[in-house]
Amino acid sequence: MSPRLQMKPLVARTCLPLPLYLAPVSAGFPSPAEDYLDRALDLNELLINNPAATFYVRASGDSMRDAGIQSGDILVVDRAIEPRPGKIVIAAMDGELTVKRLRVKEGRLYLAPENPAYPCLEVPPEVSFEIWGVVTCVIHRT
């Protein structure tokens, strides 16, 4: 396994509903606070559609920087989603795990970084290649 990705098993047995405020938070000028709640929100319900097919993995490196994935972020990965071109996937190529955007061009398969400092990786038919899942969410600490 690549030292760049750390796999974390999904344990979705817990339920932790937390308050969700109705009023959105302005990212521009502040707005007056409204003090009533919409409902309780469980992050498991929000972030995970297929618990039995979902796992977490920690990203390392900056090749996906422009897709909003930074080193140390936790990626929520769903193995039940079909990996289509344009999706961000966790893939194993010759035994090395990587997170990249899946591309197909002229019948050839590529793993594309989202940082111009890195080259696009062609997936030749002779290499060992497997897509482990599609990234559905990025959890980033500020």
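Read the figures in this text as sums done on the coordinates, not as results from a lab. Just so it is clear, the structure is predicted and the values come from calculations on it, not from any experiment. Virtual Cβ from ideal backbone geometry, glycine too; neighbours counted across all protein chains shown.
A few remarks follow.
- Around Met93: net Lys/Arg minus Asp/Glu count, Cβ-Cβ under 12 Å: -4
- Long-range HN-HN contacts of Val123 with modeled amide H, under 5 Å: Leu109, Tyr110, Leu111
- Diagonalising the gyration tensor over the Cα atoms of the range 90-142 and scaling each eigenvalue by 5 before taking the square root yields semi-axes of 21, 14, 10 Å, largest first.
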